[in-house]
1. If you go through the range A:238-250 one residue at a time, do you hit one that is at pLDDT 95 or above, out of contact with any Phe, Trp or Tyr (no Cβ under 7 Å at 6 or more places or on another chain), of a type outside the set (Phe, Trp, Tyr) and open to solvent by less than 40 Å² (accessible area, probe 1.4 Å)?
2. Can you name every residue in the range B:435-473 that is away from every other protein chain (no Cβ under 14 Å) and open to solvent by less than 10 Å² (accessible area, probe 1.4 Å)?
3. Exactly one condition in (1) of a type in the set (Gly, Ala, Ser); (2) more than 13 Å from ligand 1 (Cβ to nearest atom); (3) farther than 22 Å from B:Met255 by Cα is false for A:Gly92; which is it?
4. Scan the range A:113-124 and report the pairs whose first residue is facing chain B (nearest Cβ under 9 Å) and under 19 Å from A:Asn137 (Cα atoms) and whose second residue is open to solvent by less than 60 Å² (accessible area, probe 1.4 Å) and within 16 Å of ligand 2 (Cβ to nearest atom), with Cβ atoms within less than 7 Å and a gap of 6+ or a chain change.
5. With respect to B:Ile355, determine if the residue is assigned to a helix (DSSP H, G or I), touching a Cys at 6+ places or on another chain (Cβ under 9 Å) and over 30 Å from B:Gly75 (Cα atoms).
6. Restrict the check to the range A:223-232 and report whether at least one residue is among the hydroxyl-bearing types (Ser, Thr, Tyr) and surrounded by 15 or more Cβ atoms within 10 Å (Cβ to Cβ).
7. Would you tally the residues in the range B:502-521 being more than 14 Å from B:Cys375 (Cα to Cα), open to solvent by 10 Å² or more (accessible area, probe 1.4 Å) and in contact (Cβ under 8 Å) with a residue 60 or more places away in the chain?
8. Listed residues B:Asp107, B:Asp8; which is in a strand (DSSP E or B), out of contact with any Pro (no Cβ under 6 Å at 6 or more places or on another chain) and open to solvent by 20 Å² or more (accessible area, probe 1.4 Å)?
Amino acid sequence: MSSIPISLLELEDDASSCLVADDYQKKEGKWCAGCGDFGALNAVKRLLAKEQLKPEKMAFVSGIGCSSRFPHYVNAYGFHGIHGRALPIATGVKLARPDLDVFVVMGDGDCTSIGAGHWIHATRYNTNMTVLLLDNNIYGLTKNQTSPTTPQGYTSNTSPKGSVLPALDPLQATLGVSNASFVAQTADWVPAHLYATLQAAFDHKGFSFVRILQRCPKFTPDVFTENVKNPDLTELLVHEEGVNAPGLDKLFKAMREHDPKNIDEARALAQRKDLLRLGIFFKDSNLPVYDEIRAVPPVSPEEKVQRLEKEFDRYAV
Amino acid sequence: MNKSTTIDAAVHAVREHTVEIITNSGEGAQKCAQIFGQTCAKMGNGVWTVEIIPAEIEPPHHTVTSTSGNIIRFGTEKITNWGDQSKLAIAFNDQVCLSRHRLNSFDDNCIILQESAWAESEDEVIRKMYAEAMEEMSSKNYRFIQVPIEEETLKVVDNPQHGKNMFALGLLAEIYNRDLAIIEKQIAHIFQKKSAKVTELNVQLVKNGMQWARDNLDFRFNVETIPAEEKRVVMNGNQAAALGAVAAGMEMCSMYPITPATSVSHELAAIIENYGGIVHQAEDEIAAAGVALGASYGGKVALTVTSGPGMALKTEFLGLAIMTEIPLVVLDVQRGGPSTGLPTKVEQSDLLSSIYGQHGDAPRVVIAPRSIEECFHSMVTARRIAETFRCVVIVLTDANLATGVQQFTRPEFDIRWQQEPVDFSPVPEGLRPYDWDPETGLSRRIIPGTPGGAHTVTGLAHDELSNVSYEPESNERGCKMRSRKLAVFQSTLMPPDVTGDQEGDLLVVGWGSTQGAIEEAVDRARKEGHKVSTCQLTFMSPLEPGLKEIFSRFKKVMTVEINYSDTVGDPYITEETRRYGQLAWLLRAHTLVDIDCWTSCPGQPLRPNDIYNSIIAKSEKGASK
Ligand SMILES: Cc1ncc(C[n+]2csc(CCOP(=O)(O)OP(=O)(O)O)c2C)c(N)n1
Ligand code: SF4
Ligand SMILES: [Mg+2]
């Protein structure tokens, strides 16, 4: 994703124009106490400050859900759309305005259920945008219904005897789509990893898909507990091309060298459920990017009118 | 080749004629009709052509379902619709001919030039089918003329499939005394990408057809031509809408293929990139609406194109566009419904769903072009309205306009149509994202990239700051402001024209594409002394002003629509249970006038004669009351 470069010199010249993370907070987030969405918001604010993005040069697009309230809390242009349809809107925004940095925030119901068709195709379009899937394994806003990512056997208001099917794995699904160019997983309870992953996603040119495991103390308080308590159940994917945040090696014992260019290994790792894996599963910067392929040079109104006259000559009687 | 001497032919002078070319699909009827229609137009006739399209891509040949072809109606004056039954037909086999007979497409005295090969076919089954078809068609007074189309074509080319159409064109050229030089030019143009030999052979076939007609046909028709003084173009409604979109400065057409709308995007896909825009083929109609909406939010002029089933899918997004006040133009080329319905055929049944199809109160503008020319101009109008009023504008055309071909005055382009829609000047301190003018509901559109304007639009109820708000007054205010814009827009409209006397016994009200057929029928009834007038609506939401007053000047008001309505007297159907045509429902609710309707939904454009009969029936009923 193209960022607006601001040299250090410029920053020193005009220190007052330097924005800090809190400058990117528009309103106080209204999520429940302890909600993992706060962590995601904090990481995003840090990223925006680090990149010194101008509020008017960003668009945050979301669907409907607890997580989709996100744009209201960011000091940027935002489009809080309809359930499941954030990706088509974001695609339209980016096609119209390649100069904007586009971010998409979706919930697991939003992205992997009602919006699943768009998700597959947006992955294939590989339009340049940073995509956050806030996956709490449940429908939060509508109060506790089973989502495609709910673990098998987990009870909810719509599955009082427990979810009957194996959970859908968003990483495997995304990695299976042709032209997928960036697939990563991180967790709200590892802020350093979350931030570094978002940074890598932002730096990648293309559809950068980040699944963020997000705690919902309200409805799925226990789905991630084991992992939160015991870091040994987590394996970090590391590589010079991957996510590298300071201090993580002290927290996590299990580390695996994984070259994000290796799609076969990425798929195999996504499929294995022995440990929770965080990091960049796959990254390829050489794939076609939709907004670049479809870019056409602007034409002046005068020129358009001249061309139209020629067009009409074809139909002249 | 010239086996006999030219025979004497009687020349019949007529004001207009309707011709059909009917073939198996893939036998080139379209090319033949296209050249013939163009030639008529260039010579100064009014022309309307319609395609006859089979439901399948390549149905089995020589069957009643394989019929593909064209109807060409042309006349000395302007032609505004496909008219009544055909007076002359060229049929490549008895089965396609039979299918048209069954649809009642031929005039009782139709002259039918039919391929002669089938009567004496070696195949017994074909001979039998032929005999049965001829028997069935003998109920009418058709004049069959057997023409060795295939045999004659084989004298010039090896594969008659690629050539019979041009021989047929030659027959027509001679019968109607068309200018061969114009035909030759058309052929050269159509085959410009092929070798010169192809053009040469095709021209030879036309000449042979003309010669055969001179040698064998004892009749000619003379449709007087009056060369046009103004510059004209000829095209179908989808081409006109596509060019209208480009002329309106639209730079994003987001769509998903659906008949009969798809050819709009074909046309656009071929040219729009020369105008700085793109066609985005989305994964479905929902996404198509979303991409268009996102692009419009980003400041591009955006369009989404679809037909009924696609409209149903876009429903939720249109509500979002209305709620967030993001301009969006939707072109709905209507087809028969509900469900998959009649994919290739005409109906006007998206009227009410276009106006009322969203949950919640969702005011939007709906306009309906009445002619192919208006298909072009309505795109320009739609953009203007959408941006001025920050609203959704639905343009309702239909399969009749989409595939009908007609000539019209060449438009003069206005450079202002191409203007950038966006104003990036910094947002003044204090200006809110929905700073509704309390009188008009209008507010400045703030586009991403505009300094000082960062805010989040939402489909949730919101206040002027675009903050989510569930306050009772806030929701009422939002509803009021979005609705007010429609009233303001309506205040800029004029009452519709009444064609005919301004008062009388019966007013026939139509909308959109039926204008030509209705006016022709009413004109005929008036010439016979009936006190009937007509009024064709083009703004459907909001409706044009003054309707109630206009209706009050007539004893009876009746809508004519390509829609379903119940008939009183059918089982269970009474004045109370009767469901009216969609336009009648709308106008009854709007004016409280007891409006009747005459509707028909055969999947075909209305015929002036059928409308005429309904007018006479209504007038007589009125008189006896
Ligand atoms: C078309 C439509 N269907 C259903 C809903 C109701 N709905 C709102 S949010 C939601 C699911 C939210 O779950 P998720 O996407 O996982 O987001 P979360 O609240 O967990 O962040 C549903 C079903 C809706 N708003 N629109
Ligand atoms: S319900 Fe769950 S996801 Fe929603 S705000 Fe509360 S904690 Fe967060
Ligand atoms: Mg969820």
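The values are calculated or read from the model by the stated rules, or taken from the named source; none is laboratory data. All values derive from a computational prediction rather than experimental measurement. A quick note on method: Cβ atoms are made from the backbone with ideal geometry, for glycine too, and the neighbour counts reach across all protein chains shown. Ligands, DNA and RNA are excluded from the accessible area calculation, which covers all protein heavy atoms including side chains. Shrake-Rupley method; radii C 1.70, N 1.55, O 1.52, S 1.80 Å.
1. Yes - at least one qualifying residue is present in the range A:238-250.
2. Correct list: B:Gly441 only.
3. It is condition (3) that A:Gly92 fails.
4. none
5. Here the answer is no, as B:Ile355 does not meet what is asked.
6. No, the range A:223-232 contains no residue that is among the hydroxyl-bearing types (Ser, Thr, Tyr) and surrounded by 15 or more Cβ atoms within 10 Å (Cβ to Cβ).
7. Qualifying residue count for the region: 3.
8. Sole residue among the options that is in a strand (DSSP E or B), out of contact with any Pro (no Cβ under 6 Å at 6 or more places or on another chain) and open to solvent by 20 Å² or more (accessible area, probe 1.4 Å): B:Asp107.
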